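The values are calculated or read from the model by the stated rules, or taken from the named source; none is laboratory data. Remember, it's a predicted structure, so these values are computed and weren't measured experimentally. Note that we place each Cβ from the backbone using ideal geometry, even for glycine, and neighbour counts take in every protein chain shown.
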Amino acid sequence: MADFSANLLAPIKVCLLTYGCQMNILDSQVLSGNLTRQGFTIVEDESEADAVIFITCSVRDLAERKVLGKAGKLNVKRRRRPEVVLGVTGCMAELKGEELLEGKNVFDFVAGTHKRHLIPEMILRALCRRVAAAEVTAANAEHIERLGKALAPYMEECLASEGSLLAVGKDPMSFGLDELEAMRPRPWQAFVEIMRGCSNFCSYCVVPYARGPEVSRPAESILSELRALAVSGCVEVTLLGQNVNSYGKDLPAGSMSFPELLKEAAKIEGIKWLRFVTSNPQDISDELISLMASEKKICRYLHFPLQSGSNRILKMMNRKYTLEGYLEKVAKLRAAMPDLWLAGDLIVGFPGETLEDFGETLRAVEKIDYANNFLFKYSERPGTAAARLKDDVPLEEKKRRHAELMALQGRLTHEHLKSLVGTIQEVLVEGRSKRNRDVLQGRTTHYANVVFEGDPSLIGKFVQVRMESATPLTLYGSCERLTGEEKLTDEKETSGI
Ligand code: SF4
């Protein structure tokens, strides 16, 4: 049952619920593309769906609890539609595996991080079982009739096959199988995966266990995807990897390094902005810093996770740099690019973190003057090295440290935004503002969030915006013109009257 697009005789509606990082967003876009190509219909509203797939994250305990909570609620709703399938993929599926199929019977299938290509078939197998077993009522009769028609070619084979719908394991999927099928909701903006997995084993992190060791995607495959994206109108690309600085180290000798790849990417006409995440401070190179400084397509925003300002805690985290080494890299970056905005990641309440350690983190944040920070309370992740340490900072104290750091970062972020007031910035218009659909929202090269009035026809374009005021998280401005044009089209028209 590898490709059944020709055989789907009625729509099967699938809703994808995505949790976690950009990698998961891209996984979800690739899965959408793959399912659509095979004849499934993607729906936004979970209540319309015949199958709901969770694309999960295990980096924090909270992320896992959110998935289980949501799945539990959908399971209760299945009293009205018992034929609906619930599936789970991503990091949590890989790490928990069979455990997710046991107990309360919530999930029908589990597909690990290297098995997403099996999901279309798993949906069909699970749906056949559920439809065959479901009681037909007034609430689901119409759905059962439609699904019965869609599943008819598979029913016999699926019901004859036994066993749990579980696929996990670390046989790395080769790159190039399905990236080009990604269904991106904004055609002018794309995440592009350049590597998978991680070999760093920071002591608190599950990623090396959930996604396997680092595997780089061949440069030609990445560049041909970028060329295709440019032809289809994409102007902003974010290259994704757990540590992009390691890109190419596992490829044959003579393969491109990350700076070489980035340089080639910047030559592609049409792509105007390049971003990348994540750059691990342990191995950012002088070559990358000097390329960033000279190549104007590379945005002036760098995610550069510190995790803690205490060398003692950094060592326990198995981070392979000291605060002093990190500050040296920041100094080099700032000397090369005085207008660079830095973002960080910080964990508070790591096992053994004292008030003194936390104080060092506060001082480091103030000194580095981050534009933004992703702040987390430590939560023990089973199977990691840190899980063998006593999680000895009480939750209330973790919350207090988190709030103190949030307040500090909030002030720094506001200062960064205020520094742009009065300037004109180039902004890529991302869409209508979520809070007020009558105005537009976009991002600057610094990834600053900007809201301004403008015609929806500007969505996906670069415009010049005069920044007029700044709240703690958002800049407000007025649109001056499209980039490269003297004035906005409607202004040109009225100026002639
Ligand atoms: S670098 Fe460390 S924190 Fe980042 S994914 Fe790898 S192990 Fe996890």
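I'd like to verify a number: residues in segment 83-118 that are aliphatic (A, V, I, L, M), outside any strand (DSSP E or B) and touching a strand residue (DSSP E or B) at 6+ places or on another chain (Cβ under 8 Å), how many? Reasoning before the result, please.
Initial filter on segment 83-118 (aliphatic (A, V, I, L, M)): 84-86, 88, 92-93, 95, 100-101, 106, 110-111, 118.
If we keep only those that are outside any strand (DSSP E or B) too, we end up with 84, 92-93, 95, 100-101, 106, 118.
Filter again for touching a strand residue (DSSP E or B) at 6+ places or on another chain (Cβ under 8 Å), leaving 84, 92-93, 100-101, 106, 118.
Counting residues in segment 83-118 that are aliphatic (A, V, I, L, M), outside any strand (DSSP E or B) and touching a strand residue (DSSP E or B) at 6+ places or on another chain (Cβ under 8 Å) gives 7.
For segment 239-253, a tally of residues being assigned to a helix (DSSP H, G or I) and either surrounded by fewer than 21 Cβ atoms within 10 Å (Cβ to Cβ) or polar (S, T, N, Q) (or both) returns 2.
Let's see how each residue does on (1) at pLDDT 95 or above; (2) more than 14 Å from the ligand (Cβ to nearest atom); (3) under 30 Å from Gly349 (Cβ atoms); (4) surrounded by 18 or more Cβ atoms within 10 Å (Cβ to Cβ):
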{"residue": "Tyr209", "(1), (2), (3), (4)": "no, no, yes, yes"}
{"residue": "Gly212", "(1), (2), (3), (4)": "no, no, yes, yes"}
{"residue": "Arg217", "(1), (2), (3), (4)": "no, yes, no, yes"}
{"residue": "Glu225", "(1), (2), (3), (4)": "no, yes, no, yes"}
{"residue": "Val231", "(1), (2), (3), (4)": "yes, yes, no, no"}
{"residue": "Cys234", "(1), (2), (3), (4)": "yes, yes, no, yes"}
{"residue": "Val237", "(1), (2), (3), (4)": "yes, yes, no, yes"}
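Evaluating Val421 against the criteria (1) part of a helix (DSSP H, G or I); (2) surrounded by fewer than 20 Cβ atoms within 10 Å (Cβ to Cβ); (3) hydrophobic (A, V, I, L, M, F, W, C) leaves one unmet condition, (1). The condition of being basic (Lys, Arg), surrounded by fewer than 17 Cβ atoms within 10 Å (Cβ to Cβ) and over 30 Å from Arg363 (Cβ atoms) holds for only one of Arg388, Arg411, Arg400, Arg435, that being Arg435.
Out of the residues in segment 256-297 meeting the condition of being of a type in the set (D, E, K, R) and touching an Asp or Glu at 6+ places or on another chain (Cβ under 8 Å), tell me which one is farthest from the ligand (Cβ to nearest atom). Out of the qualifying residues, it is Lys272.
A quick yes/no check of all residues on (1) of a type in the set (Phe, Trp, Tyr); (2) modelled with pLDDT of 95 or more; (3) in contact with a Ser or Thr (Cβ under 7 Å, 6 or more places away or on another chain); (4) under 17 Å from Glu193 (Cα atoms):
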{"site": "Leu16", "(1), (2), (3), (4)": "no, yes, yes, no"}
{"site": "Asp27", "(1), (2), (3), (4)": "no, no, no, yes"}
{"site": "Val30", "(1), (2), (3), (4)": "no, no, no, yes"}
{"site": "Leu35", "(1), (2), (3), (4)": "no, no, no, no"}
{"site": "Asp50", "(1), (2), (3), (4)": "no, yes, no, no"}
{"site": "Ile53", "(1), (2), (3), (4)": "no, yes, yes, no"}
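Among the residues of segment 256-269, some residue qualifies, meaning at least one is of a type in the set (Lys, Arg) and either within 21 Å of Ile25 (Cα to Cα) or free of Cβ contacts under 8 Å to residues at least 24 places away in the same chain (or both). Selection within segment 209-238: residues that are assigned to a helix (DSSP H, G or I) and of a type outside the set (A, V, I, L, M). The member of this set that is nearest to the chain's Cα centre (by Cα) is Arg211.
Determine, yes or no, whether Ala51 is surrounded by fewer than 24 Cβ atoms within 10 Å (Cβ to Cβ) and aliphatic (A, V, I, L, M). Against the criterion (surrounded by fewer than 24 Cβ atoms within 10 Å (Cβ to Cβ) and aliphatic (A, V, I, L, M)), Ala51 does not qualify.
Please work out if Thr41 is touching a residue at least 12 places away in the same chain (Cβ under 8 Å) and under 20 Å from Ala152 (Cα atoms). Yes: the conditions hold for Thr41.
The sole residue among Arg300, Arg319 that is away from the ligand (no atom under 16 Å from the Cβ), within 29 Å of Val237 (Cβ to Cβ), among the basic types (Lys, Arg) and in contact with a strand residue (DSSP E or B) (Cβ under 8 Å, 6 or more places away or on another chain) is Arg300.
This table checks each residue for (1) without any contact (Cβ under 8 Å) to a residue 40 or more places away in the chain; (2) among the aromatic types (Phe, Trp, Tyr).
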position: Arg78; (1), (2): yes, no
position: Val131; (1), (2): no, no
position: Tyr154; (1), (2): no, yes
position: Val168; (1), (2): no, no
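Is it the case that Tyr326 is surrounded by 18 or more Cβ atoms within 10 Å (Cβ to Cβ), within 16 Å of the ligand (Cβ to nearest atom) and part of a helix (DSSP H, G or I)? Considered against the rule, which asks whether it is surrounded by 18 or more Cβ atoms within 10 Å (Cβ to Cβ), within 16 Å of the ligand (Cβ to nearest atom) and part of a helix (DSSP H, G or I), Tyr326 comes out as yes.
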